[in-house]
1. Yes or no: Ser54 surrounded by 15 or more Cβ atoms within 10 Å (Cβ to Cβ), closer than 23 Å to Glu141 by Cβ and among the small types (Gly, Ala, Ser)?
2. Testing Ile135 on (1) over 19 Å from Phe92 (Cβ atoms); (2) out of contact with any Phe, Trp or Tyr (no Cβ under 8 Å at 6 or more places or on another chain); (3) crowded, with 19+ Cβ neighbours inside 10 Å, one condition comes back false. Which one is that?
3. On the basis of being at pLDDT 95 or above and either more than 22 Å from Asn186 (Cα to Cα) or more than 13 Å from the chain's Cα centre (by Cα) (or both), does Asn21 make the cut?
4. Scan the range 158-192 residue by residue and report those that are surrounded by fewer than 17 Cβ atoms within 10 Å (Cβ to Cβ), part of a strand (DSSP E or B) and in contact (Cβ under 8 Å) with a residue 60 or more places away in the chain.
5. Kindly indicate the residue of the range 61-83 that is aliphatic (A, V, I, L, M) and modelled with pLDDT of 90 or more and also nearest to Asn42 (Cα to Cα) among those meeting that condition.
6. Could you check how many residues of the range 22-51 are under 24 Å from Val133 (Cβ atoms) and either of a type outside the set (Val, Ile, Thr) or surrounded by fewer than 17 Cβ atoms within 10 Å (Cβ to Cβ) (or both)?
7. Residues in the range 145-154 that are small (Gly, Ala, Ser) and crowded, with 16+ Cβ neighbours inside 10 Å: how many?
8. Scanning for something among the acidic types (Asp, Glu), touching a residue at least 60 places away in the same chain (Cβ under 8 Å) and closer than 23 Å to Glu79 by Cα, does the range 129-143 turn up at least one residue?
Amino acid sequence: MKINRKDIEGLERKYRLNLINSLSGIKSANLIGTRSQEGQNNAAIFSSVVHIGSDPAHLGFVMRPQAERKSDTFKNIQETGYYTINHVSESFIEQAHFTSAKLDQEESEFDRMNLNPEFAEDFEAPFVRESLVKIGMKHKESIPLFNGCYFIIGAIELVLAPDEAINEQGQIDLSTYNCAGISGLNTYYGLNKLAVLPYVGKAEIPSFK
């Protein structure tokens, strides 16, 4: 395949959607957990969570345009200021995937998809019990993007993870709890550790021949 920008614009909508969403390769699979001011718990799957910085510790993710109807996730984050990021494991891929459905506002994805909300350390937003790596976030900024989407930035307030999944250098081994990844909108992959390489300095560069 060889296509240029004009070709891309002429592609059938669904084909273009699948192709462009697959081009970035494997992305993280996470459930964003929120709670409304009225106390309803919600969960939604996202594949756009990215590292912003370690000191201070911040993560970001992209939300779709909110013009027609504000999603529960966006609304709850804006109103309460708190949310959670929960790694998706292979054991509950299907349940996590279907949280992308547009439910009625009074219906919780936790209930509909048979997922269990849990709370820790008096944190205001629900974590997903089935997830083994859970991150409590405090909303810092919502940046409007040129395409109508929003880039949501939050500060890491709490991390819950199995001791055995973190090595002496602080690195999380995703394969120890069968963490899943997403390609495109609906294709899931298992993740296996292939190598651990040194931090790169000029002196560490090997001879590639």
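The values are calculated or read from the model by the stated rules, or taken from the named source; none is laboratory data. All values derive from a computational prediction rather than experimental measurement. So basically every Cβ, Gly included, is an ideal-geometry build from the backbone, and we count neighbours across all protein chains shown.
1. Working: surrounded by 15 or more Cβ atoms within 10 Å (Cβ to Cβ): no; closer than 23 Å to Glu141 by Cβ: yes; among the small types (Gly, Ala, Ser): yes.
It is false that Ser54 is surrounded by 15 or more Cβ atoms within 10 Å (Cβ to Cβ), closer than 23 Å to Glu141 by Cβ and among the small types (Gly, Ala, Ser).
2. Ile135 satisfies all of (1) over 19 Å from Phe92 (Cβ atoms); (2) out of contact with any Phe, Trp or Tyr (no Cβ under 8 Å at 6 or more places or on another chain); (3) crowded, with 19+ Cβ neighbours inside 10 Å except (1).
3. Details: at pLDDT 95 or above: no; either more than 22 Å from Asn186 (Cα to Cα) or more than 13 Å from the chain's Cα centre (by Cα) (or both): yes.
Spelling it out, it is not the case that Asn21 is at pLDDT 95 or above and either more than 22 Å from Asn186 (Cα to Cα) or more than 13 Å from the chain's Cα centre (by Cα) (or both).
4. Correct list: Thr187, Tyr189, Gly190.
5. Ile77
6. Restricting attention to the range 22-51, the residues satisfying the condition of being under 24 Å from Val133 (Cβ atoms) are 24-35, 41-51.
Checking the rest, the ones that are also either of a type outside the set (Val, Ile, Thr) or surrounded by fewer than 17 Cβ atoms within 10 Å (Cβ to Cβ) (or both) come to 24-31, 33, 35, 41-44, 46-48, 50-51.
Counting residues in the range 22-51 that are under 24 Å from Val133 (Cβ atoms) and either of a type outside the set (Val, Ile, Thr) or surrounded by fewer than 17 Cβ atoms within 10 Å (Cβ to Cβ) (or both) gives 19.
7. Taking the range 145-154 as the starting set, the residues that turn out to be small (Gly, Ala, Ser) are 148, 154.
Adding the requirement that they be crowded, with 16+ Cβ neighbours inside 10 Å leaves 154.
The qualifying residues number 1.
8. Of the range 129-143, the ones among the acidic types (Asp, Glu) are 130, 141.
The next check asks that each one be touching a residue at least 60 places away in the same chain (Cβ under 8 Å); those that pass are none.
No, the range 129-143 has no match at all.
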